[in-house]
Amino acid sequence: MGIWTDSNGQSWDINIEGQALAEMQKNPDFKICWMKDTPGIDDENSNFYHEETIREQKQQLFNKEVTVKCADGSTATGRVCHWVNGSCCGTPLKNWFILCTKKY
């Protein structure tokens, strides 16, 4: 388990560690976000998702870019790159995600 520290100096134990966490922490394109701060982000029927057919089955997928409120109070647009909905092994935190604002 690693420690995520946001731009306001707040820290949380998260289930990312080692080199992956180090790379994210030194890159301002990655932001931690709480689902409660962006209503609808966890609802597959909201405008944060779109439907695609994959192997003949329809699935709801995140839009390539979503605009959300981040834990540091900022608003950012990017892609969801790590998602923890509910409990997760390796962290006591629930219902959060990491947003990457860097374009593909």
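The values are calculated or read from the model by the stated rules, or taken from the named source; none is laboratory data. From a predicted model like this one, the values you see are computed outputs, not experimental measurements. Cβ coordinates were reconstructed from backbone atoms using ideal geometry, including for glycine residues, and neighbour counts include every protein chain displayed.
For the reader, a short list of remarks on this structure follows.
- Residue that is modelled with the lowest pLDDT [pool: residues in segment 77-92 that are crowded, with 17+ Cβ neighbours inside 10 Å and among the hydrophobic types (A, V, I, L, M, F, W, C)]: Val84
- Residue check for Lys31: in a strand (DSSP E or B), over 17 Å from Cys88 (Cβ atoms) and in contact (Cβ under 8 Å) with a residue 24 or more places away in the chain: yes
- Here is the figure for segment 9-37: residues that are in contact with a strand residue (DSSP E or B) (Cβ under 6 Å, 6 or more places away or on another chain) and of a type in the set (Lys, Arg) total 1.
- Within segment 37-95, being part of a strand (DSSP E or B), of a type in the set (Phe, Trp, Tyr) and more than 16 Å from Asn15 (Cβ to Cβ) holds for Tyr49, Phe62.
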